[in-house]
Structure formats: C-alpha cells, structure tokens
Amino acid sequence: MTERGHKRLRIIGGEWRGRKLSFPALPDLRPTPDRVRETLFNWLRDILPGSRCLDLFAGSGALGFEALSRGAQEVVMVDRHPAVITQLKQHVQQLKAVNARVVQAEALAFLEGPSRLFDIIFLDPPFQGNLLGPCLERLAQPGWLAATAWLYLETDRRIPLPTLPADWNVLRHKQAGQVGYYLLQRTSASGTQGDPS
C-alpha cells in the first residue's frame, strides 16, 4: 500500500473503477475511507451525472476523481500543498481527465476569489483546522451554490456541525469510526427538495 513517501487508494466505481492513485503521506491528509465513499456516492447516484463539483480540500483526490469516474461533468480540485497539487496534476494526465481542474490555493482564499455556481461541493477539511464553519459561511454568500446544490461534509464525529442557513437541510448523516459525515441540500426558492436513496 505504501511507496516511498506515498500511500495509495483505489477508485471504487465508474469508468476508472479499480484504478489506484498515490498521494503524499502528509500528516493532515486523510482520505475518505472506502466504505464512506461507497455510501456517499450511493447517495449521489442520481444527482452526480452531469454535475459541476467543487472538491475544496482535495488532498488525495479520492472524492474528486471518484466523482469524475461516476459521471460528473466537471470537478474543480483545490488544495494548498504543493506536493498534493503535483500529484493531482499527474493523475489528471494519467486518467486523461480533461474535465478536471486543479487549483493550488488555501480554501478560504479560494472562496474569497471570483465565485461560480456548483451543483455539488465536497468539504472534508483537516479535523484540527476549525475550517468547516468559515467555509460554510463563505459558501452561503451568493454565487457559489446552484439553487438546489448538495453539500457533503466530513468532520470529527464528536464535534457538532456549525449553525447552518435556514435553507440548508441535512438529509443524510452517518458515522464511521472517528468520522461523522453528512449530506445537505440547499432548497430552491420554490422549496423543491430532492430525496437521494
């Protein structure tokens, strides 16, 4: 599982199912476990095809490349670590993932930049960084979330979620080990809400 200074994970579904990706063995880089990814992408099965996704703490690329493998139209992967960015770009080339964009930036700085609408946003920040609340506050500003956008949040299960805007609903919530993970949807002005199975 480990090569010099690196670890590996595998894509578990879609076009690239079974492909293995390496990632730097950094202290705060914690890929979403296989069983959590399986559950998440089952939740998103009917929503993901054709969607525009933002993977704000891309890290290993586990969520971003899994989304692309399963039919996302586009994924923007953001991370601050130079070694992570180099590895993500290599995977983009290896997989010929023309609909992937890799951006080196601090997450909060990225959210201070020009906004654009996304259908699905993956938020899996380092547990110790206390970044989830500030990121959610910035994403709540106009220009980031499509009318019925979906948000995936992954955090330490012992820490409650920050206060959410009134039009964001927690539709799914599970725990696995130390991880608490949630699927939220922002409801549209007309109140339409999906029901992921």
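Taken together, the values in this text are just the output of simple stated rules run on the coordinates, not laboratory data. Everything numeric here is computed off the predicted structure, so don't read it as measured data. Heads up, the Cβs are rebuilt from the backbone with ideal geometry, glycines too, and the neighbour counts pull from every protein chain shown.
Could you tell me what % of all Cα pairs in region 2-186 have separations over 31 Å? The calculated P(r) of region 2-186 puts 8 percent of pairs beyond 31 Å. Relative contact order for the chain: 17 percent, from Cα pairs under 8 Å spaced at least 6 residues apart, divided by residue count.
Can you put 40, 161, 184 in order, fewest other beta carbons within 10 Å first?
161, 184, 40
Counting only residues at least eight positions apart within a chain, or on another chain, the lysines with an alpha carbon under 29 Å from that of residue 89 are 7, 20.
For residue 179, nonlocal amide neighbours, meaning residues 5 or more places apart or on other chains whose placed amide H falls under 5 Å from its own, are 157. Taking the charge dipole of region 1-156 about its Cα centre, with +1 at Lys and Arg Cβ atoms and -1 at Asp and Glu Cβ atoms, the residue from 16, 107, 120 reaching farthest to the positive side is 16. For the pair residue 19 and residue 128, label points projected 7 Å from Cα toward Cβ lie 3.3 nm apart.
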